1. Show me the helices (runs of 4 or more DSSP H) found entirely inside region 522-611 where at least 1 residues are of a type in the set (V, I, T) and either touching a strand residue (DSSP E or B) at 6+ places or on another chain (Cβ under 9 Å) or under 18 Å from R315 (Cβ atoms) (or both).
2. Of the numbered conditions (1) surrounded by 15 or more Cβ atoms within 10 Å (Cβ to Cβ); (2) out of contact with any Cys (no Cβ under 9 Å at 6 or more places or on another chain), G349 satisfies every one except a single condition; which is it?
3. Pick from T51, T24: which is of a type in the set (S, T, Y) and either open to solvent by 90 Å² or more (accessible area, probe 1.4 Å) or modelled with pLDDT of 50 or more (or both)?
4. Would you call E197 of a type in the set (D, E, K, R), open to solvent by 70 Å² or more (accessible area, probe 1.4 Å) and not in a strand (DSSP E or B)?
5. Strands (runs of 3 or more DSSP E) wholly in region 480-521 with at least 2 residues that are more than 26 Å from A375 (Cβ to Cβ) - which ones?
6. With the condition kept exactly as written, say whether any residue in region 491-504 is out of contact with any helix residue (DSSP H, G or I) (no Cβ under 7 Å at 6 or more places or on another chain), hydroxyl-bearing (S, T, Y), surrounded by fewer than 24 Cβ atoms within 10 Å (Cβ to Cβ) and farther than 28 Å from F583 by Cβ.
7. Condition first: surrounded by fewer than 17 Cβ atoms within 10 Å (Cβ to Cβ) and in a helix (DSSP H, G or I). Now tell me which residues in region 217-269 satisfy that.
8. Conditions first: (1) over 25 Å from D227 (Cα atoms); (2) open to solvent by 60 Å² or more (accessible area, probe 1.4 Å); (3) out of contact with any strand residue (DSSP E or B) (no Cβ under 8 Å at 6 or more places or on another chain). L292 passes all but one, so which condition is the exception?
Amino acid sequence: MNFKKGIVLFLLIGLFFLGGCNNTEKVSNEKPTEEVKKIETWIKETIPSITNEDIVLPITHPELGGTIEWDSLTPEFLTSEGKKPQDGKSGDALLQYTITYTEKEETATASDVVLVQVVNPTFADISLRFENQFSPIINRDYNVKVDFDDNYTITWESSNTSVFTNEGKYVKPENNETININYVITFNSVEKSFSLEKVVEGKTFFEKVDEITSWINENYITEKEVDAAITLPTKYEKFNATITWTSSNVGVVSSDGKIKQFAFERYVTLLGNVQIGDYETNLEYNLVITPLTGLTEEQKLLSLLDAIAVSNLPRLTFTAYGDITQSYNFLPFYVNEKATVYEYFMNVGGSRPGETLESLEFVTIHDTANTASSADGLTHAKLLQNGYDRASWNFAIDETGAYQSIPVGEVAWHAGDGRNNFNLTDTGVKATVKYPTLTITEDGYYALNGVRSNIAAPKAGARLATTEDITPSGIYIEIRNGNYYINTTYYNTDYGYISNGGGNHNSVGIETCVNEGSDYATTLRHTAKLVAEILIQGNLSVDRVMQHNNFSGKPCPLAMRTTKYWYNFLDLVSLEKFAKTAFQDATFTWTSQSDILDNTGKIKEVIGNNTEVSYSVTVNYGTNSLTKQYTTKLNKWRKKWYNK
């Protein structure tokens with residue numbers, strides 16, 4: 001017998017003998033004695049034999065009356081008031097009671113001891129343990145624990161099993177849902193009910209945006225190549241989302257989806273600003289508007305002029321680097337002249353390997369990221385001439401023109417793709433649209449428009465790649481023999497993206513200068529003219545103009561990417577390329593009739609109170625001559641065409 005139990009037994013025996021000698025004081029009237037016995041029986045039936053919390057010690061009988069006094073012989077377990085001490089010890093509590101009953105001036109008393117087994121934990125302890133297994137927001141499955149102590153049982157249920165089942169399974173709702181987890185704790189046949197309020201996490205903002213994007217892709221903007229009006233939704237009722245559309249060129253694609261076709265391909269970015277409650281983001285759709293066919297020479301010319309002489313022109317501000325915007329914007333006045341190129345060839349050796357391109361497949365656009373005011377095209381050309389060997393490029397272009405360091409047909413080290421060459425491989429997937437959507441299956445294979453190809457994507461380090469690992473500007477794909485063919489790809493460990501091959505060995509590298517105090521818009525006009533000439537020379541389409549990002553995942557050219565100007569730039573290249581091929585022998589003479597507009601189409605940065613510019617053009621082609629007068633409104637209040 002353990003020592004503690006022996007002490008308790010000793011006390012009980014002692015009290016028994018004491019009680020046997022004088023348990024109830026005798027009086028002449030037997031009635032008080034009988035009532036005391038009833039009270040004593042009631043006490044022993046009322047006081048629990050086992051408890052896990054404070055107990056109520058009665059001080060009178062609810063019907064018979066009398067007084068009951070209590071004295072704890074073991075206050076370390078239960079006090080004389082029936083309270084558990086804060087240290088929460090378990091053990092056998094001995095509570096001595098004394099009953100006093102008086103009737104007609106006759107009094108009877110009785111005294112005895114009750115034993116109450118005190119156990120821990122309490123209901124509150126078990127409740128806390130049960131509730132603590134749930135996170136503040138339920139967003140996963142739970143293996144709900146109910147066996148915290150042998151003395152307790154717990155049963156529970158969810159108030160909404162459609163989002164959180166009684167088996168603990170999380171079913172993501174559309175929106176956050178508040179539920180109650182109702183549970184009952186049973187101890188020694190005593191039940192206590194509790195309720196825990198929890199929030200079951202619904203779809204996140206971006207999960208909702210993904211759903212909206214899929215809905216738009218499947219029902220409205222189903223292809224990148226467009227030849228007819230697009231229905232642009234403005235509401236997604238399920239999430240009470242609003243969608244506001246903005247076009248990079250409203251003269252080609254309006255904000256309500258109307259399109260205008262021209263004599264050449266037009267490149268437009270359409271942004272859908274999705275707002276759900278206090279959150280918003282932009283969906284970006286880069287569209288190619290197919291050209292009109294069967295046009296006469298005059299119709300082609302008028303179409304070209306309409307593309308140049310836009311009806312409205314917003315302010316253009318490049319935001320990635322400071323102080324590289326020195327004009328309001330520009331009208332792309334076309335003149336039939338070659339790009340301005342200054343030759344500053346570097347010597348063979350170092351970063352000019354002197355190797356011939358495997359083939360000319362792409363033109364790659366960068367920006368220098370060098371914002372020093374002196375970091376113009378000439379400075380970069382001299383840098384290479386002076387033996388800079390960390391990288392190289394074919395051209396560096398600033399607002400005065402292009403500075404050539406390496407011939408077009410030679411390799412330059414600019415793209416970050418090493419020696420990965422351009423090569424098109426049959427995917428085995430039949431072509432259905434010109435621009436397919438490229439994804440990666442769960443087992444690591446490329447899929448085009450959801451159809452699994454026979455080509456495995458490169459691994460992203462040690463793991464299988466996912467669609468999110470594809471460089472944001474995309475992988476080059478074209479149609480051959482009725483199938484989709486995909487370019488060589490590799491995983492760039494520096495930037496963590498699957499990228500194209502063929503940047504160094506199959507493309508011309510062009511650095512655009514972003515030096516402070518320069519006008520980057522003018523730099524891009526020089527760039528577009530040179531790129532158009534290279535495309536014509538190489539018999540390449542505008543689709544072959546690439547960002548540095550395509551070849552490595554690096555966010556370059558940052559100035560255009562940040563301002564979402566890439567498709568504006570491609571549109572400018574497309575215009576230059578069309579004009580150079582369709583009107584090789586024509587002369588274009590532009591005349592400004594506004595002080596803030598020069599004869600090249602550049603509009604001054606400060607336009608004052610001017611709300612429009614007027615100008616004329618005379619075109620001589622063959623034996624024909626055409627003169628047109630135009631006016632363009634300036635939306636000077638618009639700092640940028642998109643919501644960042």
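The values are calculated or read from the model by the stated rules, or taken from the named source; none is laboratory data. Bear in mind the structure is a predicted one, so any value in this text is a computation, not a measurement. A quick note on method: Cβ atoms are made from the backbone with ideal geometry, for glycine too, and the neighbour counts reach across all protein chains shown. Side chains are part of the model used for accessible areas, which takes the heavy atoms of the whole protein and leaves out ligands, DNA and RNA. Shrake-Rupley method; radii C 1.70, N 1.55, O 1.52, S 1.80 Å.
1. Details: elements: 548-552, 558-562, 566-582.
Per the criteria, 558-562, 566-582.
2. (1)
3. Details: T24 fails: either open to solvent by 90 Å² or more (accessible area, probe 1.4 Å) or modelled with pLDDT of 50 or more (or both).
Testing whether each residue is of a type in the set (S, T, Y) and either open to solvent by 90 Å² or more (accessible area, probe 1.4 Å) or modelled with pLDDT of 50 or more (or both) leaves just T51.
4. Numbers: of a type in the set (D, E, K, R): yes; open to solvent by 70 Å² or more (accessible area, probe 1.4 Å): yes; not in a strand (DSSP E or B): no.
Criteria not met by E197.
5. Numbers: elements: 483-486, 489-492, 497-500, 507-512.
The qualifying strands (runs of 3 or more DSSP E) are 483-486, 489-492, 497-500.
6. Yes, region 491-504 has at least one match.
7. Passing the criteria: N217, E218, N219, E237, K238.
8. Result: L292 passes all but (1).
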